[in-house]
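Working notes, structure below.
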Amino acid sequence: MASGDGLPAPIIYRKGWALLGYLAVESNRMHSRVSLAALLWPTLGESSALTNLRQVLSNLNRFCKAKLGPDILRIERTAVGLMRSEAPRFDIDLLLAAPCQSLHLLTEQRVFMDGMDDIADSNFQSWLETTRQMLEARLVGAAENCCDGLLAAEQWERAIDVARALSLRDPWNNAHARRLMHAHAGCGLHSVAVTIYQHFELELQRELGLEPDVETRRLFTRISSGSPAQRRAPSPVAVAAGIRAVKTGLRMAG
């Protein structure tokens, strides 16, 4: 989903966008109008809050019919719900339906409903923070599963891209470092894999006072002691990807 800035033309209320985000996450069930009004207008009386909700819903309904289809937003006299079908309609749908297609979210460093923290009081803010944590966990989990699948299929260059994005997201994560090392070694870039480990070890010690875990050290030993005869020549694309990975890591550490 987009942020609160530069709203799509049919949506004229910030709280309309906030409501769409809320209903998209809490989808396929009906929510009472009273509870939605209280969530988004906590300082108003119930009558005034419900009046505001009606205005927002009228505008949001036109947007949903134009952009999502006529049956997505269900509005009843006392309740409202967003009914998501099996076909992905939102970025968050891709996390479950097609995880490898959602990886652009990892590299773009987007924040769910960015700019909406001030839309209401602590109840909405608490929901938003919990939702962001949940979506972050799903996104990282989808990327990890995708990367592991690429490594198992020996699609080294694609695995490098995903492993690098994971490492940028969490540079002190041993499992991410191993994925990045494994992918480069698979490409034949053993020296780059060794450099990645050395950089990871140095920065982990300097920033957190920790050593790489046993599994990461074992992988480093296997890679660094590998026979040159077992190393196939890397492609130019793999070489460029490996160099970018190391340079990016060094810039982050600086």
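For the range 183-201, residues that are part of a helix (DSSP H, G or I) and either in contact (Cβ under 8 Å) with a residue 40 or more places away in the chain or open to solvent by less than 20 Å² (accessible area, probe 1.4 Å) (or both) total 12.
Among the residues of the range 207-221, those identified as of a type outside the set (Ser, Thr, Tyr) and touching a residue at least 40 places away in the same chain (Cβ under 8 Å) are GLU215, LEU219. Checking each residue of the range 125-133 against the condition of being touching a residue at least 24 places away in the same chain (Cβ under 8 Å) and either closer than 30 Å to ALA18 by Cα or surrounded by fewer than 19 Cβ atoms within 10 Å (Cβ to Cβ) (or both) gives at least one match.
Kindly indicate whether ARG164 is under 15 Å from the mean Cα position of the chain (by Cα) and part of a loop (DSSP other than H, G, I, E, B). Answer is no for this residue. The set of residues in the range 141-161 that are free of Cβ contacts under 8 Å to residues at least 60 places away in the same chain and open to solvent by less than 60 Å² (accessible area, probe 1.4 Å) comprises GLY141, ALA142, ALA143, GLU144, CYS146, CYS147, GLY149, LEU150, LEU151, ALA153, ALA159. Taken over the range 111-129, the criterion of being among the aromatic types (Phe, Trp, Tyr) and outside any loop (DSSP other than H, G, I, E, B) is satisfied by PHE124, TRP127.
Could you list all residues from the range 39-56 that are free of Cβ contacts under 8 Å to residues at least 40 places away in the same chain and assigned to a helix (DSSP H, G or I)?
GLU46, SER47, SER48, ALA49, LEU50, THR51, ASN52, LEU53, ARG54
Selection within the range 80-110: residues that are more than 14 Å from the chain's Cα centre (by Cα) and in a loop (DSSP other than H, G, I, E, B). The member of this set that is modelled with the lowest pLDDT is PRO88.
The values are calculated or read from the model by the stated rules, or taken from the named source; none is laboratory data. Note that this is a predicted model, so its numbers are computed, not measured. Cβ coordinates were reconstructed from backbone atoms using ideal geometry, including for glycine residues, and neighbour counts include every protein chain displayed. Quick note on the areas: whole protein, heavy atoms, side chains included, nothing else; ligands and nucleic acids left out. Shrake-Rupley method; radii C 1.70, N 1.55, O 1.52, S 1.80 Å.
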